[in-house]
1. From the list 435, 453, 425, 418, pick out the single residue that is farther than 24 Å from residue 371 by Cα and modelled with pLDDT of 85 or more.
2. In region 44-57, what residues are open to solvent by less than 30 Å² (accessible area, probe 1.4 Å) and either closer than 20 Å to residue 381 by Cα or at pLDDT below 80 (or both)?
3. With respect to residue 176, determine if the residue is touching a Lys or Arg at 6+ places or on another chain (Cβ under 8 Å) and modelled with pLDDT of 80 or more.
4. Would you mind listing the strands (runs of 3 or more DSSP E) fully within region 127-177 where at least 3 residues are open to solvent by 70 Å² or more (accessible area, probe 1.4 Å) and without any contact (Cβ under 8 Å) to a residue 40 or more places away in the chain?
5. Given the conditions (1) touching a residue at least 40 places away in the same chain (Cβ under 8 Å); (2) under 30 Å from the mean Cα position of the chain (by Cα), which single one is not true for residue 412?
6. Whether any residue in region 467-480 is at pLDDT 85 or above, more than 24 Å from residue 279 (Cβ to Cβ), open to solvent by 20 Å² or more (accessible area, probe 1.4 Å) and assigned to a strand (DSSP E or B) is what I want to check.
7. Enumerate the helices (runs of 4 or more DSSP H) found wholly within region 198-311, keeping only those where 1 or more residues are surrounded by 10 or more Cβ atoms within 10 Å (Cβ to Cβ), among the polar types (S, T, N, Q) and at pLDDT 70 or above.
8. Of the conditions (1) modelled with pLDDT of 85 or more; (2) open to solvent by less than 30 Å² (accessible area, probe 1.4 Å), residue 105 fails just one. Which one is it?
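The values are calculated or read from the model by the stated rules, or taken from the named source; none is laboratory data. Quantities reported herein were computed from a predicted structural model and do not represent experimental measurements. A quick note on method: Cβ atoms are made from the backbone with ideal geometry, for glycine too, and the neighbour counts reach across all protein chains shown. Ligands, DNA and RNA are stripped out before the accessible areas are found, and what is left, the full protein with its side chains, is counted by its heavy atoms. Shrake-Rupley method; radii C 1.70, N 1.55, O 1.52, S 1.80 Å.
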Amino acid sequence: MRSSSFNQTKDVDALYDRISAFLSQQYKYEDEFLITTLCFCSNPDNIYYTYNETYSATYFGVREYRNNVHNMVLEMSKTLGTNIGFLNVQGRTYMVRNILGSDYQPYAVLTMQLNTANMFAGIKNVVWEKDITIWLNDTPVVLNGNQLDPKQLKITFKQNSQTFQDIGGRSYVYGMNQGAAYSLSYVIGVDSSPLVQELSGFKNTLIWMLVLILPLLGLVIWFFTRNVSSPIGRLIVEAKNIEEGNFGIQVSDQFNSSEFQYLTDAFNSMSYKLKYQFDRIYKEELALRDARIMALQSQINPHFLNNTLEIINWEARLSDNVKVSRMIEALSTMLDAAMDRKGRPIVHVSEEMMYVDAYLYIISERLGKRLTVQKDIDSSLLDLYVPRLVMQPIIENAVEHGIQPQQKGVIQIRIFREGNSLIFEVENDGIMTQEDENRIARLLSDDYDAANESSNNLGIRNVNQRLKIIYGDDSGLSIKMNRNGHAVARIVIAIDQSKQ
């Protein structure tokens, strides 16, 4: 965000929509933030906001901020400068920072209500913890139990260190991490009595086990000497064969001992699974080979490309060229999805459809009214997870092979549930022949050599490969002809796995 660009905007409603859209794009899907607000120093009563619906953050939280917190934020911002400040109001924790202009003077204030349960989940997972209090700068936040007082406990924090200490008959873990703009200190009260009880019970159990085992020791030695040496020797020989790379080898010997027969069966099963996993990884490497080739062919500095698009976008906005600006924003959305800078291989269905809409907007600008898009989407499935960019290659394939040859057509997008499966269907009214269907079936098969295929064909093949690698052979992509002769691309994902 640049203050000079906003100052040139005369349309208040358009400014509000642009800033709200920017906040939603940047922070709405960040798990660490529940509510994000922004106000300009020149008009602090006008609050722009977004909230994360995944964690039940609603407009009521925004209203609570406006009524009880906003004035405190404005007062704090006057003394922050370039630092980060924190507020704890009625159990809610807010992070405050100024946004500076080119003259290093604040022109806006950005405030975020932290999702402390998610952000500090690692601290809350300390074994046998009872009370947890952290300090963001000097602002206390109680994560569990009662608030702890370092002065009362006579605790002195040392920068970038952690200490375990018994104080007053109780154990505490405390430490401090000093950042460039803020510090994080914590004190964790630990109840170690369960550990003592478990160790005492284990000691008694160990004594009784020794008493019972000693009389049987002689019998066990005789039994192992007679019935174990030979089976183990046989298994060792075959294990060395596996070590040398002979996966899938099987032990055919039959042993009198049921236990060793079970081990033999388990060994054979393990050997088979190793071969299966090796073959699967090999296929995965083949699938990734094409992706690496495509990546090398299109290797461009993503930061340079993003910055360039941003400059072009602002130039278009300053020239009131809304059409070009929206196309650049759609392209930027597709670029962010392709680069995956946040390292999220799976996303919500709703986010995946946002990428689809961005692509379709760009295509619609090329085809205009000649392209009709119809959607039938079950809204209850929008929070399920799917692999990133699993739909866009399918839509692109429908445009290139179904719509482009005729320079017009209809694309239907359907998302629904079928039993325990999540179904995506993309239908276009282009004519699909039986020869086309057979060629696509070969393209999607595991043993097909796609080295000479186009990038679009590699895209749908990689979608099928990714789905089978992630969810198993029951999931994947198929493209077939329906009763009307139209091409229907169908993606199947197990719903239980799409919730992970």
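1. None of the other options fit; the residue is 418.
2. Within region 44-57, the first condition is being open to solvent by less than 30 Å² (accessible area, probe 1.4 Å), and the residues that meet it are 47-48, 50, 52, 57.
Correct list: 52, 57.
3. Against the criterion (touching a Lys or Arg at 6+ places or on another chain (Cβ under 8 Å) and modelled with pLDDT of 80 or more), residue 176 qualifies.
4. Values: elements: 129-136, 139-144, 161-167.
Counting at least 3 such residues, we get 161-167.
5. The failed condition is (1).
6. There is at least one residue in region 467-480 that is at pLDDT 85 or above, more than 24 Å from residue 279 (Cβ to Cβ), open to solvent by 20 Å² or more (accessible area, probe 1.4 Å) and assigned to a strand (DSSP E or B).
7. 229-243, 258-297
8. Just one mismatch for residue 105, condition (2).
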